[in-house]
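Read through the structure below, which is laid out as structure tokens, and then see the notes.
The values are calculated or read from the model by the stated rules, or taken from the named source; none is laboratory data. Quick caveat: nothing in here was measured; it's all calculated off a predicted structure. When we count neighbours, we look across all protein chains shown, and the Cβ atoms used for this are built from the backbone with ideal geometry, even at glycine. Ligands, DNA and RNA are stripped out before the accessible areas are found, and what is left, the full protein with its side chains, is counted by its heavy atoms. Shrake-Rupley method; radii C 1.70, N 1.55, O 1.52, S 1.80 Å.
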Amino acid sequence: MKTKVTKWVLGHRVTLHNTSGDYDLAFGETPAGVPGPPPHQHQHFTESFLITEGEMEFFVNGETKIVKAGESVNLPQNTVHTFNNKSNSVCKWVNIHSPKGFRKFFETVGVSAEIENSRQNSISESIIGTVIATAGDYDMILKL
């Protein structure tokens, strides 16, 4: 059994790790200057980010904050949020969704890192259209 899967998701490299608990665990890398997903909320998931390298700008319930390496942000259910890497260097992060289930979003809309041009393909009009059309299926309520 593969213990991890790596996909490019909307311009972010996301490695999904199997867990035995009731949570999804991912390690992410966001290249310099890459924006996050559209502002959204989860009705049934709590989400957390731990920044391990670099920094990320988070937008949380109308407030903007810079989260740096060694810092974390916790996003309770129904918290409107997004993030951006506005810096000139890569940002690396750990992401947890609880309970389990959001991993399916990454698996479905992500492009395998093993495919040529996967990063660029992950931000194609087709993928973005799929994200907008199906986000609600993954408890990702977009706030466009």
### Task
Take region 16-39 and flag every residue that is in contact (Cβ under 8 Å) with a residue 40 or more places away in the chain and closer than 14 Å to N95 by Cβ.
L16, T19, Y23, D24, L25, A26, F27, G28, E29, T30, G36, P37
### Query
Across region 44-94, what is the total count of residues that are closer than 27 Å to D137 by Cβ, in a strand (DSSP E or B) and touching a residue at least 60 places away in the same chain (Cβ under 8 Å)?
2
### Query
Just wondering, is there one or more residues in region 82-89 that are of a type in the set (F, W, Y), modelled with pLDDT of 95 or more, touching a helix residue (DSSP H, G or I) at 6+ places or on another chain (Cβ under 7 Å) and open to solvent by less than 50 Å² (accessible area, probe 1.4 Å)?
no
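For every residue, the table says whether it meets (1) of a type in the set (G, A, S); (2) at pLDDT 95 or above; (3) surrounded by 15 or more Cβ atoms within 10 Å (Cβ to Cβ).
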{"residue": "W93", "(1), (2), (3)": "no, yes, yes"}
{"residue": "S98", "(1), (2), (3)": "yes, yes, yes"}
{"residue": "G101", "(1), (2), (3)": "yes, yes, yes"}
{"residue": "F105", "(1), (2), (3)": "no, yes, yes"}
{"residue": "A113", "(1), (2), (3)": "yes, yes, yes"}
{"residue": "R119", "(1), (2), (3)": "no, yes, yes"}
{"residue": "E125", "(1), (2), (3)": "no, yes, no"}
{"residue": "A133", "(1), (2), (3)": "yes, yes, no"}
{"residue": "D139", "(1), (2), (3)": "no, yes, yes"}
### Task
Determine the pairs where a residue that is farther than 18 Å from I128 by Cα, located within region 98-118, has a partner that is open to solvent by less than 40 Å² (accessible area, probe 1.4 Å) with Cβ atoms under 6 Å apart, the partner being 6 or more residues away or on another chain.
K100/D24
### Query
What about K4, is it open to solvent by 40 Å² or more (accessible area, probe 1.4 Å), more than 18 Å from I141 (Cα to Cα) and at pLDDT below 95?
yes
